[in-house]
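Notes follow once the structure below has been shown.
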Amino acid sequence: MKSKRLNRQVCHHPHAASDRRGAAHALIASMLVAFGITIAFSIDYAYMQLIRPELRTATDAAAKAGAENLARTRDPDQAVAAAVQFASLNKVGGRDFQIRPNDVVLGQAVAGQNGQWNFNAGLSPYNAVQVQSKVGGSGIFSQVELFFKTLTGRDGFSTSAKATAGRQEIEICLCLDRSQSMILRSDSNAYPSGNPLLYPRSYYPSTAIQNDHSPPHPSLSRWAALRDAINVFLDEAGAAQSPPRTSLVTWSSAARQSYFPRLSSTDVSCDIPLPNASTFTWSSNRTAVADRMTSLSSGPLIGNTKLSDGIDEAVRVLTGSNSLVQSNKVIILFTDGVWANCRHPEDAARDAASAGVAIHCVSMLTGSQTVLRNIASITGGSYNEATNAEQLRTTFRNLARTVSIVLTE
């Protein structure tokens with residue numbers, strides 16, 4: 001019997017594949033549009049998140065500038081003008097920011113029992129400045145235009161910020177490096193020439209050892225530059241309506257000289273304790289600090305840079321029995337070298353922050369110091385560099401003006 005083959009016929013519809021491809025293209029196109037809109041929203045949202053901290057920075061700077069001017073001049077009009085001016089020195093969305101004088105309010109900041117500050121607008125005598133900044137809306141600074149307003153349907157971005165700053169009761173510890181490198185020039189790593197305080201050359205086997213064992217040059221050494229900068233700080237701080245109670249801690253490392261005068265040094269010393277608030281007078285406090293700096297200038301400086309020991313002692317001073325709970329506690333930390341032979345200074349900074357102590361760091365002739373930057377960041381302080389005596393005086397003058405100004409809101 002002959003087998004039969006079944007021929008199967010397949011019907012092809014030429015329009016079916018084309019329809020499927022068309023549907024896919026439409027789906028892809030709609031997905032691309034949705035994806036594009038999502039990206040546009042993401043970019044504009046990220047830009048808006050950038051604007052907020054820029055506005056916060058400008059507002060904080062304006063409030064602090066107004067409060068610093070108010071504390072120094074005691075002139076309300078000048079304080080308002082300073083706040084407006086410093087706001088304009090900051091950029092928001094790539095433009096110079098602006099506020100109006102009526103965006104600046106003067107009043108009193110008073111600490112509550114819960115540790116929070118309360119601002120009483122218009123209450124005199126003024127000790128605080130409040131700045132109310134606006135982007136868009138009723139502010140003088142127009143809204144920030146967005147990149148994809150056509151896609152997102154949003155023309156621009158408006159926001160606002162408020163900051164209050166005032167001069168508060170402050171306790172300061174000058175925490176100063178007295179290591180051996182402080183005998184070098186204030187503008188280089190060389191010994192100053194013509195030092196009238198050098199001990200006789202016959203005592204020493206070399207001129208280098210003679211310099212290392214003698215007191216620092218009275219005008220050309222780093223120590224002399226620091227002493228003069230501290231005097232500038234004391235003069236500026238004393239001009240304030242309420243000068244700060246100020247202590248002095250100096251530090252290096254324990255060491256003993258091999259030659260005359262065979263001086264020994266300690267890791268750290270509290271040279272001037274924090275004055276008791278009930279008996280405090282600025283004139284006696286200032287004299288004590290200045291006299292101690294002069295006294296230290298008359299002898300050799302020895303030892304290494306045990307920076308964290310200085311921080312720890314300064315924190316102990318600012319949290320001791322003479323410290324007031326509501327006072328702002330500030331360390332002004334100076335060094336011309338890199339830390340060694342001590343625990344990591346950032347650990348000491350974390351302990352300081354836990355104790356409510358801010359650290360403003362000043363470095364001299366060491367370039368940018370990441371550790372000092374981190375110490376300032378950890379504790380809410382500032383980092384400052386100086387490459388010569390004049391810059392050091394300017395730095396300490398500015399610190400005297402600003403360390404007592406704090407953001408209360």
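No value in this document is a laboratory result; all are computed from the given coordinates. All of these numbers come straight from a predicted model, not from anything done at the bench. In this analysis, Cβ positions are derived from the backbone assuming ideal geometry, glycine residues included, and neighbour counts consider all displayed protein chains.
With a 10 Å Cβ neighbour count serving as the proxy for reagent exposure, in which order, fewest first, do I378, I331 appear?
On the way: I378 19, I331 29.
Lowest to highest Cβ neighbour count: I378, I331.
Let's test the formula: R0 of 30 Å, r as the Cβ-Cβ distance of E409 and V338. What FRET efficiency results, to the nearest 0.05?
Values: r = 38 Å, r/R0 = 1.28.
The pair E409/V338 has a calculated efficiency of 0.20.
Considering only T394, T294, T370, give the residue with the highest GNM mean-square fluctuation for the chain, with springs between Cα atoms whenever their separation is below 10 Å.
T370
Applying the Karplus parametrisation 6.51 cos²θ - 1.76 cosθ + 1.60 with θ = phi - 60° to the phi angles of region 354-365, what ³J(HN,Hα) value in whole Hz is obtained for each residue in order, glycine and proline being reported as x?
3J(HN,Hα) across region 354-365, in whole Hz: 5, 8, x, 10, 8, 10, 9, 9, 10, 10, 10, 6.
Using Cα pairs closer than 8 Å and at least 6 residues apart in sequence, work out the relative contact order for region 170-407, in percent. Don't skip to the end; give the middle numbers.
On the way: 498 pairs, mean separation 59.8, N = 238.
Answer for region 170-407 is 25 percent.
Using a Gaussian network model on the chain with a 10 Å cutoff between Cα atoms, which of P243, P275, P196 fluctuates the most?
Most flexible of the set in this elastic network: P196.
For region 170-407, state the semi-axes of the equivalent ellipsoid (square roots of 5 times the eigenvalues of the alpha-carbon gyration tensor), sorted largest first and rounded to whole angstrom.
Working: eigenvalues 170, 69, 57 Å².
They are 29, 19, 17 Å, listed from largest to smallest.
Using a basic spin-label model with each label point 7 Å from the Cα along Cα→Cβ, how many nm lie between S258 and F280?
4.7
Over the chain, what is the relative contact order in percent, taking alpha-carbon pairs closer than 8 angstrom and at least six residues apart?
Computed value for the chain: 16 percent relative contact order.
Once region 275-409 is represented by equal point scatterers at the alpha-carbon sites, with solvent omitted, what log10 I(q)/I(0) does the Debye formula produce at q = 0.10, 0.17, 0.19, 0.22 Å⁻¹?
Log10 of I(q)/I(0), two decimals: -0.36, -1.10, -1.36, -1.61.
Where does the chain land on Rg(C-alpha)/(2.2 N^0.38 Å)?
In units of the globular-protein estimate, the chain measures up at 1.47.
Measure out, as a whole number of angstrom, how far apart the alpha-carbon centroids of region 330-394 and region 88-134 sit.
Each part's Cα centre sits 29 Å from the other's.
State the antiparallel share, in %, of DSSP beta bridges confined to region 95-252, rounding to the nearest 5.
Numbers: 20 of 27 bridges.
Around 75 percent antiparallel, to the nearest 5.
Using a 10 angstrom cutoff on alpha carbons, build the Gaussian network for the chain and name the most mobile of T395, T366, T250.
Residue with maximal mean-square fluctuation among T395, T366, T250: T366.
Mind pulling the angle between the C-alpha long axis of helix 222-238 and the longest principal axis of the chain? Nearest 10 degrees, somewhere in 0 to 90.
Result, in degrees: 80.
For the chain, give the share of DSSP beta bridges that are antiparallel, in percent and rounded to the nearest 5; count only bridges with both residues there.
Approximately 55 percent, going by the DSSP bridge assignments.
Under 13 Å between alpha carbons, and skipping anything fewer than 8 positions from K64 in its own chain: which aspartates and glutamates qualify?
Cross-link targets: E409.
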